[in-house]
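**Student:** Provided herewith is a single structure, encoded as structure tokens, for subsequent inquiry.
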């Protein structure tokens, strides 16, 4: 009787243990956040955009210009770069003028009309993106003032968060565990020392035909941003002269 009781207790303990074990989905998983992708608001604010994305995942509110004001001891970083809006307006005006100049006229032959339409097509294709960039500039005040357009570093402490850091890439199993088990996006910095660096968010992983990928929420280009995939191998060993600089993982509130 005693042996049966001990066996039953052991079975219950084993069930609880197995229930507590997290086994990442081998095919892939993604962290879904409310405000997932944030584009950097100047050429150099990838660090601020990544800090903002990681903070918002935790429900912490911040802005890139607040981070810049803090880092650079300034008060004007939230001002919009008005010259950029002017350039976007000029680009839209130039496209519209070019498209208008290439519009077919009633006296054109069918072949000339077709030629004019072909010539205008590339400019018409550029127009929606140009108009969208102008709208973003007017509505969101992006990009921000050139006076604060400087490089920086991820600053989780300022927003009330913390993380672990590693100068070497996480193993594939650790990447999967962070995403699937911890539901945690990670920060990832890479670049060439003394030349250029960049910071992105790792927001998911995927395996296709035996190749492992990580999904990036990339704040580049300014005011637009990109969601893209790179291989896990590229994460561990970036192309060219670039190297892995830092990975922030285990991001949590203080």
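**Student:** Under the rule a/c < 1.5 gives rounded, and otherwise a/b versus b/c splits prolate from oblate, where does region 154-203 land using the Cα gyration tensor?
**Tutor:** Oblate.
**Student:** Follow-up. Calculate, in nm to one decimal, what residue 209 and residue 229 gain on full extension: separation in residues at 0.36 nm each, minus their alpha carbon distance.
**Tutor:** Contour length minus Cα-Cα distance gives 5.7 nm.
**Student:** Taking the number of other C-beta atoms within 10 Å as the exposure measure, put 144, 176, 253 in order starting with the fewest.
**Tutor:** Arranged by neighbour count, lowest to highest, 144, 176, 253 become 253, 176, 144.
**Student:** Follow-up question, since we're still on this one. Mind giving me the nanometre distance, one decimal, between the label points for residue 22 and residue 100, set 7 Å out from Cα along Cα→Cβ?
**Tutor:** Here the answer is 5.8 nm between the modelled labels.
**Student:** If contacts are Cα pairs under 8 angstrom and at least 6 residues apart, what is the relative contact order of the chain in percent?
**Tutor:** Here the relative contact order equals 28 percent.
**Student:** Could you check the spin-label model distance between residue 112 and residue 252? Points 7 Å from the Cα along Cα→Cβ, value in nm.
**Tutor:** 7.5 nm
**Student:** To the nearest 10 degrees, how steeply does helix 46-57 sit against the main Cα axis of the chain, on a 0 to 90 scale?
**Tutor:** 50 degrees
**Student:** Here are several values of Kirkwood radius over Cα pairs in Å: (i) 18.0; (ii) 21.4; (iii) 22.7. Which one was derived from the coordinates shown?
**Tutor:** (ii)
**Student:** Rounded, prolate or oblate, given the Cα gyration tensor of region 82-140, with a/c below 1.5 counting as rounded?
**Tutor:** Prolate.
**Student:** Shifting gears a bit: So how do 248, 172, 153 line up by other beta-carbon neighbours within 10 Å, fewest first?
**Tutor:** Arranged by neighbour count, lowest to highest, 248, 172, 153 become 153, 172, 248.
**Student:** Specify the angular offset, from 0 to 90 degrees and rounded to the nearest 10, of the alpha carbon long axis of helix 82-101 from the longest principal axis of the alpha carbons in the chain.
**Tutor:** 50 degrees
**Student:** Could you tell me how many degrees, from 0 to 90 and to the nearest 10, lie between the Cα long axis of helix 110-140 and the main elongation axis, the longest principal axis, of the Cα atoms of the chain?
**Tutor:** It is inclined by approximately 50 degrees.
**Student:** Extension gain residue 195-residue 243, at 0.36 nm per residue separation less the Cα-Cα distance, in nm?
**Tutor:** In short, 16.1 nm is gained.
**Student:** Still on this structure: Treat each spin label as a single point 7 Å out from the Cα along the C-beta direction, and report the residue 89 to residue 162 distance in nm.
**Tutor:** 4.9 nm
**Student:** Next question, about the same structure. Let me check against my output: what whole-number percent is the relative contact order of region 82-140, with C-alpha pairs under 8 Å and at least 6 apart?
**Tutor:** 49 percent.
No value in this document is a laboratory result; all are computed from the given coordinates. The structure presented is a predicted model; accordingly, all values stated were derived computationally and were not measured. Neighbour counts run over all protein chains shown; Cβ positions are idealised from the backbone, glycine included.
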